[in-house]
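Data block below; observations after.
The values are calculated or read from the model by the stated rules, or taken from the named source; none is laboratory data. The structure displayed is predicted, hence computed values, not measured ones. Methodologically, a virtual Cβ is constructed for each residue, glycine included, from the backbone with ideal geometry; neighbour enumeration extends over all protein chains shown.
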């Protein structure tokens with residue numbers, strides 16, 4: 001009898017669970033401009049409308065995004081996130097100008113690598129970092145940022161290397177080795193989970209980029225050094241970024257001094273839309289604003 005009772009109890013529990021699951025898994029259908037969106041209602045209607053709004057905003061479908069954000073605000077009256085999202089996309093709908101990507105810098109001087117002792121390289125062969133000259137620390141929101149360097153054509157170069165050091169622990173956080181292409185151009189060094197550990201928030205790290213002439217004698221390297229820090233955006237900035245398409249997102253990064261994010265996002269756009277004249281113009285405007293040399297601005301992404 002105990003076994004029969006246990007089986008009946010188990011069947012009842014499973015039946016009730018399925019009823020509860022069915023009750024909580026309603027489907028929300030929203031139609032705008034003959035588009036149908038079906039979203040499993042695992043979360044609240046507010047959450048669904050916000051996510052739908054973010055998705056449309058990032059595709060620059062701002063009218064659709066605005067409708068979703070208004071529905072989210074109706075579902076949760078007075079919500080600050082929905083209100084800010086509505087304000088953002090309304091501004092994008094009404095704006096009559098392209099995104100402004102001019103990074104404001106104070107000191108126009110550029111930093112170059114110091115001369116090396118071994119005479120393997122000439123000073124004019126020094127790489128150039130694609131960073132604002134007035135920034136002591138490169139700021140990013142990313143756990144795994146990307147760093148960019150212009151590397152001239154250097155026949156003697158045997159290798160390229162980027163190292164991120166955790167000075168507080170006297171250790172290496174990231175190490176990326178690359179083979180020189182043999183061409184002049186912009187080298188993008190992507191940090192990933194395969195190349196090392198992520199950057200911790202609000203912690204400053206030292207980066208070092210080297211052009212290697214002799215792996216057995218690293219004293220002859222051409223080297224650059226700087227610092228990078230991961231700074232998490234606040235809640236308002238997070239909403240601003242979610243309610244913006246890539247072009248507008250770059251503008252937001254620039255305004256808030258997130259140079260790494262701005263350059264990385266624009267580089268992605270440039271690779272995806274190599275023939276887009278607007279993207280090319282944005283690239284030139286951004287690099288000119290930080291006083292980079294014309295040879296760097298015109299260089300190809302390797």
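A compact table of results
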read-out: Residues of region 183-218 satisfying the condition of being more than 26 Å from residue 283 (Cα to Cα), touching a residue at least 60 places away in the same chain (Cβ under 8 Å) and in a strand (DSSP E or B); value: 204
read-out: Helices (runs of 4 or more DSSP H) enclosed by region 259-298 - at least 2 residues per element that are buried (at least 18 other Cβ atoms within 10 Å of the Cβ); value: 259-272, 277-289
read-out: Meets criteria (in a loop (DSSP other than H, G, I, E, B), buried (at least 17 other Cβ atoms within 10 Å of the Cβ), within 16 Å of the chain's Cα centre (by Cα) and in the same structural domain as residue 127 (by TED's automatic domain parsing)) for residue 244; value: yes
read-out: Some residue of region 226-237 being without any contact (Cβ under 8 Å) to a residue 24 or more places away in the chain, surrounded by fewer than 21 Cβ atoms within 10 Å (Cβ to Cβ) and under 22 Å from residue 97 (Cβ atoms); value: yes
read-out: Among (1) closer than 30 Å to residue 72 by Cα; (2) surrounded by fewer than 17 Cβ atoms within 10 Å (Cβ to Cβ); (3) in contact (Cβ under 8 Å) with a residue 12 or more places away in the chain - the single one residue 253 does not satisfy; value: (2)
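Conditions tested, residue by residue: (1) touching a residue at least 24 places away in the same chain (Cβ under 8 Å); (2) surrounded by fewer than 20 Cβ atoms within 10 Å (Cβ to Cβ); (3) touching a helix residue (DSSP H, G or I) at 6+ places or on another chain (Cβ under 6 Å).
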{"site": "61", "(1), (2), (3)": "no, yes, no"}
{"site": "68", "(1), (2), (3)": "yes, no, yes"}
{"site": "75", "(1), (2), (3)": "yes, yes, yes"}
{"site": "87", "(1), (2), (3)": "no, yes, no"}
{"site": "98", "(1), (2), (3)": "yes, yes, no"}
{"site": "102", "(1), (2), (3)": "yes, yes, yes"}
